[in-house]
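Working notes, structure below.
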Number of protein chains: 2
Amino acid sequence: MAKNLALLGSTGSIGTQTLEVIQSLNNSGQENFNVLGLGCGTNVGLLAEQVREFRPDIISVKSEKEREEISGGIPENVEITTGREGLNRLAQLPEAGTVINALVGFVGLEPTLQAIGEADRLLLANKESLVVGGSLVTDRLSEQETTLIPIDSEHNAIFQALETGKQEEIETLIITASGGPFLSTPLKEIPEATPEEALDHPNWDMGSRITCDSASMVNKGLEVIEAHWLFDLPYDQIKPVVHPQSFVHSLVQFRDGSMIGELGEPDMKVPIQYSLTYPDRRANNYERTGLAEIASLDFKELERERYPAYQVVVQAGKTGGNSPAAINGADEALIEEFLTGEIKFGGIAEGLEIVLREMDRIENPTLSDLKSSDSWARKKVNELVKTEVIGEG
Amino acid sequence: MAKNLALLGSTGSIGTQTLEVIQSLNNSGQENFNVLGLGCGTNVGLLAEQVREFRPDIISVKSEKEREEISGGIPENVEITTGREGLNRLAQLPEAGTVINALVGFVGLEPTLQAIGEADRLLLANKESLVVGGSLVTDRLSEQETTLIPIDSEHNAIFQALETGKQEEIETLIITASGGPFLSTPLKEIPEATPEEALDHPNWDMGSRITCDSASMVNKGLEVIEAHWLFDLPYDQIKPVVHPQSFVHSLVQFRDGSMIGELGEPDMKVPIQYSLTYPDRRANNYERTGLAEIASLDFKELERERYPAYQVVVQAGKTGGNSPAAINGADEALIEEFLTGEIKFGGIAEGLEIVLREMDRIENPTLSDLKSSDSWARKKVNELVKTEVIGEG
């Protein structure tokens, strides 16, 4: 029987790899996935190709402009929806048992909330859903039958490891961090680093925000927040460890002393496939490097001085409420300023710290509160840059 | 409700640690284990202490001599049995849901066969049960409801990892090997190594046969044979990898590319506890070393020339039938000759090779055939040593 699914964010890095995995599983005869819906923002050229290949019933694009651009290039019977409503439609297709949310940014939160209760499974790659909307999402999950499966390699590794034990048996989640490009850079040089240096990630081939976040370790702080919500654990049971080879994707230390880890290539197609086929594992021929070939797996403590932004992000997580929303919005704005040369790399951590300190806290924010905090933080960053409160590029 | 258990081999290394774990779990209030039976060979002094502490209904000792020695020192209502029959009684106690077989040597095979079908769970540390009697044991398991849980750290790690996937989803079992004391010894010096050198194991504190087997890597060959039977896999899906820190206890590579490994201290109490409490995990305060403290986990290929005995043992496994029985008996005899200075370390591999070449093969051996092959091999070793066919010590 075909498994129907909807994919939001189909033209991004995770979206395109998801379609590759789907095609490869279908071609090998191991699965029969049927793509009912595809959603993206503005990359209508690629979306049109995907439509011709996967023949969805419905697609979603950013606005009327993109609707016009794509409508001539795809079969007439494909329904075209737009904007926020379009994404929400995709997230709630009655026949889609699986929704994959690979949207980038705040825009992904609402479709996550919409999918919970409608889909049997929600495969989540959208960071903001949990970072920003963790309490809204987990509240909703607790009332519904939907299973949430994290696609992100660290959380997917933990999800796999947890098959060997129960939530209350967890002692610590150990989240591995590559350490990024500045792992060995002399400390005083890091604040002055250029965008080229920050974007030079050693292991994973990712988008530029996430690569930059991995240099500042903001990424790891956000993952700690996600883990907090995903696995319902206090922050002191979630620990990062620097692991330059990115071969151990993360581990769970159980209360009996056993650590269970998931290891393998830094290749997102593996956790994507596991998420799609869970609880089954299907064969593939993706690259495998043997342990003897890897030769050494190294681990070290995350140095607090090297990654000041990490501390701020985890602090925002512990503070809770609307703090992560503000920090996440601020970080996006700060990266933009950094990549365009307006501020130095060190300005990212400085900006985050100011935003966390100066923001108005809301204990139990609504979706609309979260949006306001995000906007406020972005504006605050622009202001800080204009008034040169944070360092120049 | 109390969980009743019988422990065979209570005075050995695994046996005493099992009792430590049982006591610690009972004391913490997390379990309520009730030791119904204890069996050992000749260490009646320690057994008497154990009887006073754990109050079993029945014990088993080697012979009438040990019965006489112990009978005065323990409560009169404890039934004392002896020999083969005594061990078989313990293995079949009607009220013992769990039987732990920590016997050392061939003597452990028959109680394993007796326990299958009687106990709900058989926790197995006795190597010979699977190495020598693999086909008998697995035949019997396939007809009965008994669950077999391996205590040995490598197999226990694989047993844990398999909670995350199904047997048919296994691509490769990766069994880690410390490499023993001769990991970096110049190749030509190894055959001349002394007993002191061979017994100097870097990580695990074990008995002298197993330590010597870990120097020759016979141990790992035997574990490959055990894994073959335990997890029902052909030999080409079971691969050793040298890992000097013994921190990764073994891994399963699944067909989707994910490797799941179990990591932690080289402390047998952890797999013993997991076996006792499976599928639950109980808290303990055994030592935990963090990954950052370990700093590096190293892996290398197992060098064929460094460990010639390994090849012979795996070859015996592949040959099947009574070959592993002969090889196992021969190895025990060869180690004795080595430890008493009759042969050189290199003589162990030489002796094994001759035994495998010269033995009479039986395709489907009975228990009695296996015993004969074991005896034949031991005699053969004595002969080889006497006639100086294998090198002098």
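Derivation of every value follows stated rules applied to the coordinates shown; laboratory data play no part. None of these values were measured; they are calculated from a predicted model. Note that we place each Cβ from the backbone using ideal geometry, even for glycine, and neighbour counts take in every protein chain shown.
Values as computed for the structure displayed
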quantity: Length released on extending from B:Leu339 to B:Glu358, taking residue separation times 0.36 nm less the Cα-Cα span; calculated: 4.4 nm
quantity: Inter-label distance, nm, simple model (7 Å from Cα along the C-beta direction), A:Glu301/A:Glu49; calculated: 4.8 nm
quantity: Average partner coverage of A:165-172, which counts Cβ from other chains inside 10 Å; calculated: 3
quantity: Per-copy distances of the B:Asp280 label point, shortest first, in nm (7 angstrom along Cα→Cβ); calculated: 3.4
quantity: Cβ-based exposure ranking for B:Met259, B:Met217, in which fewest neighbours within 10 Å come first; calculated: B:Met259, B:Met217
quantity: Over chain B: helical MRE at 222 nm, DSSP H runs n ≥ 4 each giving -39500 (n - 2.57), nearest 500; calculated: -13500 deg cm²/dmol
quantity: Within 10 Å of each Cβ in A:299-307, the average number of Cβ atoms from other chains; calculated: 2
quantity: Alpha-carbon centroids, the stretch A:342-393 and the stretch B:1-40: separation in whole Å; calculated: 59 Å
quantity: Ratio of the Cα radius of gyration of the stretch B:189-313 to 2.2 N^0.38 Å, where N counts its residues; calculated: 1.17
quantity: Pseudo-label separations to other copies for A:Pro186 - Cα-to-Cβ vector, 7 Å, nm; calculated: 4.3
quantity: Cα-projected label distance for B:Thr138 with B:Glu64, points at 7 Å along beta-carbon direction, nm; calculated: 4.3 nm
quantity: Packing-based ranking, highest mean first, of A:323-335, A:43-55, B:65-77 given that Cβ atoms within 10 Å are counted; calculated: A:323-335, A:43-55, B:65-77
quantity: Global form of the stretch B:3-150, assessed from the alpha-carbon gyration tensor, a/c cut-off 1.5; calculated: oblate
quantity: Whole-number D in µm²/s for the protein assembly as shown (Stokes-Einstein; Kirkwood sum over Cα pairs; 20 °C, 1.002 mPa s); calculated: 74 µm²/s
quantity: 37 °C / 0.692 mPa s Stokes-Einstein diffusion coefficient of the stretch B:72-156, Kirkwood radius on C-alpha pairs, µm²/s; calculated: 247 µm²/s
quantity: Summed side-chain charge close to A:Ala325 - residues other than A:Ala325 whose Cβ falls under 15 Å, Lys, Arg +1, Asp, Glu -1; calculated: -3
quantity: Neighbouring partner chain Cβ atoms per residue of B:272-281, average, 10 Å criterion; calculated: 3
quantity: Percent RCO, i.e. relative contact order, over the stretch B:341-393, from Cα pairs under 8 Å lying at least 6 residues apart; calculated: 70 percent
quantity: Under 24 Å from A:Lys127, Cα to Cα: lysines that are on another chain or at least 8 residues apart; calculated: A:Lys62, A:Lys220, A:Lys239, A:Lys269, A:Lys318, A:Lys371, A:Lys379, A:Lys380
quantity: Estimated dipole of chain A in Debye, rounded to 20 [Cβ of Lys and Arg +1, of Asp and Glu -1, Cα centre]; calculated: 260 debye
quantity: Length-normalised contact order for the stretch B:83-175 - Cα pairs under 8 Å, 6+ apart - percent; calculated: 24 percent
quantity: Label-point separation in nm, A:Gln237 to A:Glu196, each point 7 Å along Cα→Cβ; calculated: 4.7 nm
quantity: Normalised contact order of chain A, rounded percent, pairs of Cα under 8 Å and 6 or more residues apart; calculated: 14 percent
quantity: Ascending list, in nanometres, of distances separating the B:Leu367 label from those of the other copies (7 Å, Cα toward Cβ); calculated: 6.8
quantity: Estimated translational D of the stretch A:320-393 in µm²/s (Stokes, Kirkwood radius over Cα pairs; 25 °C; 0.890 mPa s); calculated: 205 µm²/s
